[in-house]
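Following: one structure in structure tokens, then a few remarks.
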């Protein structure tokens, strides 16, 4: 079925693996190439390469062999280390080899990542070479290439296990080599060129490629286009020169004329350059230059794609491309700019003239064509051929075909596709149609992006404009653009039929229904799926369902079926078996009664012979456990199970990325945490109710993952289809009805699987911030009903997350929770799934006592700032209670140990994180004011102070500082700064203490009549406060005889003074 690029070619194989299966390349590559050359090989595919983007010994050997055998062309893949620039293999640095990168091949049924035939494959290595040369020269199709499958390996193509698919630049180089073989055959057969040089082959292939100058450095001279290479030679709008020679500084010139303006002119020069001597820095030995003069005298230099006047002195391939070319004569100059003295003559190949232009035909009206960009075609319409691949029927329209033309001829290439049992899907890469049956799937096609505008999809003769209107299982005849591999005109036919099976003939694939004597016949690729009635199932399970697929052997008399048929032939393209399922959670199991209670309130019994499975393994009822996620097949209208499948672990989430190489799926779970699981050959994957032939999940897809007990491997994945993604304003959450209420009146039911988050952090639904914009995502369920997948709130742009410090200790069966925050709402989430809301005090502190649950090791504290939508979620581990008496490791010898403990118990003072109080350290102004403000129980206000250095005051101290300012305890310095980290002097502590006493309305007594003699050394504003301190008898003993007003107070001093308040 798959004939290959060049059917009928002779193949010569060489084994490169040793007995251990390791790649072993001869150190002298002539030992590899010479036997092949002697056997007649002229096109050599190298499906190997070594990492390292540099010109090495093997690169030199390749160049040397081709220079000595100028009709021998070696092809190398660029490597598979993309998408980074300069990621080529060492062999891809060869000058004379044709180096090929991989372009995408849109086969969405096999791989949704490759969606655009004009783009490079992500994994394909990019240029330039280490010394800046253009490599690869070409891109060729390299994604999901179908080839024969060795009996020693396993096929990944379910529709035809004799073949398999592979991707990479080795595949691309093989495709390019097939094209080279066809080109050689054409030159030999039609142009009587018996021995075309490797340089000529390279020049023609490069000249015909679809070139984008903006990507030349990384992707070369364009994507392989054999029609673009051969057709202009056939029409003689392009001429070529094979193996002409030049001596030093010699110039040859060639002329050709374009009859009409607006064409595409191309000239490509290639030469097989001698290998450089070992140790030389320049890879290029002989330098030739290409120069083109247009009819108006303007000069174009080779590889100067942006007309900067740059002369190429590195590459042995040079090209000039002129779009919208003028009519008239073009002169092409080839000059030997520099020849090595050891190689005084250099041969070359040159291709030049009017290249083919091409566009996609979007409208065919009475022989007048318009292209997909809207332009009308005015050239010749005497088509040479219409190419139909595979041969079916002559298409009635040219719409969707790729039209190639030059001044002399036009060619239309159009492909047709006929299949049955197809489905239409919409993905982020576009709408697509592919076989519903994964065992018949060959890749499918994306629709052209303008399919709705041009009404390209017809169902029973009527145009549709959305995928939901396409009947899954229809028969289709379509035209395909062969260049871009996208569908244009798709004509689908489908008619429904349903009933109960009366008889099945497996040998003839015929089915009879009750009350219908005429048989139906299953189309060879027909999909047989299972449709489930999910009455009484958990709401969160309904969008994912529990699809299944069966083969014809599974169709039995008595089954209820729905079919889509081709009306004229009664071919069955799609058959659905109807069955009744319930999906729920196990509450209780009664092995003696053989009953199971689910969370839907229904008790189910086992029908005699019921088969039970747990985590994919057959099990007994005793092995099913409470909390298991179960899928039960039951009799219609009866709570009796015919089959039960139970799973111990199930996760709902949104896909981040699927790594096809490692078969690892990364996703956000309902707690908005990143989780991953491994897929294996036994993992069953379903998208929107249809089984996938191979796993392929797009970012953003919503999935249900049934996991093995250890949580690392997936047993099954189901992808649901999104129904709505909308921006709305959340008014409130109705906890009684578990409903989110929006400002437009819409209601959304919360489900246990719903992702609820704000600012990227998962929340309980009760904790979502009201009156804020949210993004709502729903999934399609049954009967058009939708189910809430996610409700997500965003923070204000530029807003910082809340600050949160929390400590949780256990004491005598109680949890002692203490913390501080700048948020206005705290929620404690516990391991038993309960939540405890906490309202922080005005200073941001919060305290809470809760009963400690057995086995509870941690809780999660969530700080919510309702003003800007920011959230911070922090896990706090529970530790044994540590009283202040034992908490501070450095107060055991302090005379004020008792006071320190008492103030710590009151929450007035705190130590450092390392368990130290540091009594003899100087106390900062921030620490002092905070202690006194807490002692006086001042109520902090606001998240800002009025000091000019507010930004230097930490968030947890702003409230206390501002409260102290408002109470008159502090005023700040003359420049209105607070200077929080300055050490507090005794003079400063004296004035603050005096104000605190006055605030408490405590009179000054006469306890200490004597005062220190150095009071006059204190600032004038502090002298009165110092005297009053003596009168109150509050100063430490060491301050009484000599006050030392400019000395710094210690933390121990502050404890003594505050304890006397």
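Given the condition outside any strand (DSSP E or B) and under 46 Å from the mean Cα position of the chain (by Cα), answer yes or no: does some residue in region 315-322 qualify? Yes, region 315-322 has at least one match. Taken over region 191-210, the criterion of being under 17 Å from residue 69 (Cβ atoms) and surrounded by 22 or more Cβ atoms within 10 Å (Cβ to Cβ) is satisfied by 196, 197, 198, 199, 200, 201, 202.
Specify which of the listed residues (219, 250, 243) is in contact with a strand residue (DSSP E or B) (Cβ under 9 Å, 6 or more places away or on another chain), surrounded by fewer than 16 Cβ atoms within 10 Å (Cβ to Cβ) and either over 19 Å from residue 313 (Cα atoms) or touching a residue at least 12 places away in the same chain (Cβ under 8 Å) (or both).
250
Just one of the listed residues (426, 472, 479) is surrounded by fewer than 17 Cβ atoms within 10 Å (Cβ to Cβ) and either farther than 30 Å from residue 685 by Cβ or under 31 Å from the mean Cα position of the chain (by Cα) (or both), and it is 426. Summed over region 622-644, the residues that are over 32 Å from the mean Cα position of the chain (by Cα) and crowded, with 18+ Cβ neighbours inside 10 Å give a count of 6.
When region 82-108 is examined, which residues are found to be under 31 Å from the mean Cα position of the chain (by Cα) and more than 19 Å from residue 222 (Cα to Cα)? Once the filter is applied, which keeps residues that are under 31 Å from the mean Cα position of the chain (by Cα) and more than 19 Å from residue 222 (Cα to Cα), region 82-108 yields 89, 90, 107, 108. Only residues that are under 52 Å from the mean Cα position of the chain (by Cα), in a helix (DSSP H, G or I) and within 13 Å of residue 1058 (Cβ to Cβ) were counted in region 888-927, giving 2. Residue 398 fulfils the conditions (1) in a loop (DSSP other than H, G, I, E, B); (2) buried (at least 18 other Cβ atoms within 10 Å of the Cβ); (3) modelled with pLDDT of 85 or more except for a single criterion, (3). Of all the listed residues (123, 118), the sole one being within 21 Å of the chain's Cα centre (by Cα), without any contact (Cβ under 8 Å) to a residue 60 or more places away in the chain and assigned to a loop (DSSP other than H, G, I, E, B) is 123. Filtered by the rule that a residue be under 14 Å from residue 132 (Cα atoms) and either touching a strand residue (DSSP E or B) at 6+ places or on another chain (Cβ under 6 Å) or not assigned by TED's automatic domain parsing to the domain that holds residue 166 (or both), region 90-113 gives a lone residue, 92.
Yes or no, residue by residue, for (1) assigned by TED's automatic domain parsing to the domain that holds residue 432; (2) in contact (Cβ under 8 Å) with a residue 60 or more places away in the chain; (3) part of a strand (DSSP E or B):
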site: 471; (1), (2), (3): yes, yes, no
site: 477; (1), (2), (3): yes, yes, yes
site: 484; (1), (2), (3): yes, yes, no
site: 501; (1), (2), (3): no, yes, yes
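When residue 607 is tested against the conditions (1) buried (at least 19 other Cβ atoms within 10 Å of the Cβ); (2) over 30 Å from residue 156 (Cα atoms), the lone failure is (1).
Out of 534, 513, 556, one residue alone is surrounded by 16 or more Cβ atoms within 10 Å (Cβ to Cβ), within 24 Å of residue 686 (Cβ to Cβ) and more than 32 Å from the chain's Cα centre (by Cα). It is 534.
Scanning region 686-712 for residues that are in a strand (DSSP E or B), more than 20 Å from the chain's Cα centre (by Cα) and at pLDDT 90 or above gives 706, 707.
To keep it simple, each residue is scored yes or no on (1) assigned to a loop (DSSP other than H, G, I, E, B); (2) within 17 Å of residue 625 (Cα to Cα).
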{"residue": "540", "(1), (2)": "no, no"}
{"residue": "543", "(1), (2)": "yes, no"}
{"residue": "576", "(1), (2)": "no, no"}
{"residue": "584", "(1), (2)": "no, yes"}
{"residue": "597", "(1), (2)": "no, yes"}
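Here the condition is being surrounded by 20 or more Cβ atoms within 10 Å (Cβ to Cβ), within 44 Å of the chain's Cα centre (by Cα) and either closer than 30 Å to residue 451 by Cα or in the same structural domain as residue 407 (by TED's automatic domain parsing) (or both); of 325, 362, 267, 275, it holds for 362 alone.
Among the residues of region 693-744, the one identified as more than 20 Å from residue 670 (Cβ to Cβ) and crowded, with 21+ Cβ neighbours inside 10 Å is 693.
Each row is one residue, and each column tells you yes or no for (1) part of a loop (DSSP other than H, G, I, E, B); (2) more than 30 Å from residue 819 (Cβ to Cβ).
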position: 724; (1), (2): no, yes
position: 728; (1), (2): no, yes
position: 736; (1), (2): yes, yes
position: 777; (1), (2): no, yes
position: 795; (1), (2): yes, no
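Within region 645-662, the only residue that satisfies the criterion of being surrounded by 17 or more Cβ atoms within 10 Å (Cβ to Cβ) and modelled with pLDDT under 95 is 658. All but one of (1) closer than 30 Å to residue 144 by Cα; (2) outside any strand (DSSP E or B) hold for residue 715; which doesn't? The single condition residue 715 does not satisfy is (2).
The values are calculated or read from the model by the stated rules, or taken from the named source; none is laboratory data. This structure is a prediction, so every number in the text was calculated from the model and none was measured. Glycine also receives a Cβ, built like all others from the backbone with ideal geometry; neighbour counts cover every protein chain displayed.
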